[in-house]
């Protein structure tokens, strides 16, 4: 699906967002994926390829998701906070 194409069809975009929640994105190639406002609660992003922290930060929710490195979202956030506080 072309980037931005769901903006022309808001009902389709809403349906896609509901389907993404709790979906399996295990080993998915998320290069250039627009995750802005994506509801990824409970999604399995284990070993997802090409996804950046910026893409993940743009998501509407990642609550309960398994991150690309295998951590649960909540633990991932804590570890990122520790990394960021150590580098300042």
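The values are calculated or read from the model by the stated rules, or taken from the named source; none is laboratory data. Worth saying up front: this structure is predicted, and the values here are computed from it rather than measured. Note that we place each Cβ from the backbone using ideal geometry, even for glycine, and neighbour counts take in every protein chain shown.
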Original post:
Out of all the residues in region 35-64, which are touching a strand residue (DSSP E or B) at 6+ places or on another chain (Cβ under 8 Å), over 23 Å from residue 12 (Cβ atoms) and either surrounded by fewer than 14 Cβ atoms within 10 Å (Cβ to Cβ) or at pLDDT below 90 (or both)?
Top reply: 49, 50
Original post:
Which pairs do you get when a residue that is part of a strand (DSSP E or B), found in region 58-72, comes within reach of a residue that is loosely packed, with under 15 Cβ neighbours inside 10 Å, reach meaning Cβ atoms under 9 angstrom, with the pair 6+ apart or on two chains?
Top reply: 66/26; 66/72; 72/64
Subject >> Enumeration of residues in region 9-34 that are over 11 Å from the mean Cα position of the chain (by Cα), outside any strand (DSSP E or B) and modelled with pLDDT of 90 or more >> reply: 31
